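S.K.: After the structure tokens below, expect a handful of questions from me.
Rule-based calculations on the coordinates, nothing more; no lab input. Only a predicted model underlies this, so the values are computations on that prediction, with no experimental measurement involved. Methodologically, a virtual Cβ is constructed for each residue, glycine included, from the backbone with ideal geometry; neighbour enumeration extends over all protein chains shown.
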Amino acid sequence: MTTAPMTGGRPAAAQAAGRRSRRLPSPRHLALLPLSLLMVVPFVYMLGASVMTRAQLNRFPPPILPPGVDLTGYRELLSDSEFPRWFLNSVIVAGAIVVSQVILCSMAGYAFARLRFVGRRVALVLVIATTLIPFQLTVIPTFLIFHKLHMINTLGALIAPQLASALGVYLMTSFFQNFPPELEEAARMDGCSRWGVFFRVVLPVARPALAALAVITFIYAWNDLFWPMVAITSKENLTVQAGLTTFQGQHRADWPQIMAGTVLTTVPVLIVFLIGQRRFVQALAGAVKG
């Protein structure tokens, strides 16, 4: 009687079958493939349109694929407009908001999950309930407050309203509620203070949730258009999203520059999401489980 050769405790045939099954796409992947292509088409057309000429884009119907590569839109965007300044403004605003929300929301989430104080549950419900209020309803009082503080037309007016968010507090609270308290108790027995436990024990383990919060916050802050259009009155203080609207007038639109600016504006969002994708999914799974 012959036996199948063993490799690492498993028959070689079983291991070969496992490798073949991993290479074959699952039915779910086959179903998601057309949807993925449908989502990618606008980005592909945007990239192709950014290297077309004005005549090609103004033609009806416009070509789907560019006949050639024309970088005039990129050259004019970077040399004849204030796009580099707008890009820097967006980096400053989005970066400051991300750092602030990671710090403040993690502290608030840890307080709601671990500290016992009167009205804790009511306060958490009220914080989450603020997500039901559209920002458009509060834009007038917000504008008046920053006008009194002489912050209108400054980057500070774009940063201050987003220093913390109810979504970030809820995400961090859900993560910390699933965090095992035994690690914190062991650190406290070793003489670590509450702040020491938070910074040395809790935050290093909470990196998936912090990465997810950073990704969500960056995408929202980077793509924000409504509040910059209200709070900024000078062209040099605009962000990229608001700045791109200046290329489209009532009777004329500079489509090569618009498409080139849209491509350059989309790249940072894709990079941030691809870097934090795995931790983003881990954190959301933990939040849903909580």
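S.K.: How large is log10 of I(q)/I(0) for the range 81-232 at q = 0.11, 0.14 Å⁻¹ when the intensity is taken from the Debye formula with one equal scatterer per alpha-carbon?
M.R.: With one equal scatterer per Cα and no solvent, log10 I(q)/I(0) is -0.52, -0.78.
S.K.: Counting pairwise Cα distances across the range 38-164, what percent come out greater than 19 angstrom? Each step should come with its number before you reach the end.
M.R.: Numbers: 5701 of 8001 pairs.
Beyond 19 Å sits 71 percent of the P(r) for the range 38-164.
S.K.: While we're on this one: What FRET efficiency do you get for I92 and R194 if R0 is 35 Å and r is their Cβ-Cβ distance, rounded to the nearest 0.05? Numbers along the way, then the final one.
M.R.: Working: r = 33 Å, r/R0 = 0.94.
That pair, I92 with R194, gives E of 0.60.
S.K.: Only four residue types carry charge here, +1 at the Cβ of Lys and Arg and -1 at the Cβ of Asp and Glu. Report the dipole size of the range 17-126 about the Cα centre in Debye, rounded to the nearest 20. Walk me through the intermediate numbers first.
M.R.: Numbers: 13 positive and 4 negative charges, 212 e Å.
Dipole magnitude for the range 17-126 comes out near 1020 debye.
S.K.: Taking the Cα centre of the chain as origin, work out the dipole magnitude from +1 charges on Lys and Arg Cβ and -1 charges on Asp and Glu Cβ, in debye rounded to 20. List each step's numbers first, then the result.
M.R.: Details: 24 positive and 11 negative charges, 217 e Å.
Approximately 1040 debye in magnitude.
S.K.: I would also like to ask the following. Given L158, P42, G73, which one lies farthest toward the positive end of the charge dipole of the chain, if we put +1 on the Cβ of every Lys and Arg and -1 on the Cβ of every Asp and Glu?
M.R.: Projecting each Cα onto the dipole axis, the largest value belongs to P42.
S.K.: Sorted from largest down, give the three principal axis spans of the alpha carbons of the chain, whole angstrom values.
M.R.: For the chain, the Cα spread along each principal axis is 75, 71, 30 Å.
S.K.: Please list, by residue number, every one of the trypsin sites (Lys or Arg not before Pro) in the range 24-90 that is coil in DSSP and has at most 11 other beta-carbon atoms within 10 Å.
M.R.: Those that pass, being in a loop and sparsely packed, are R59.
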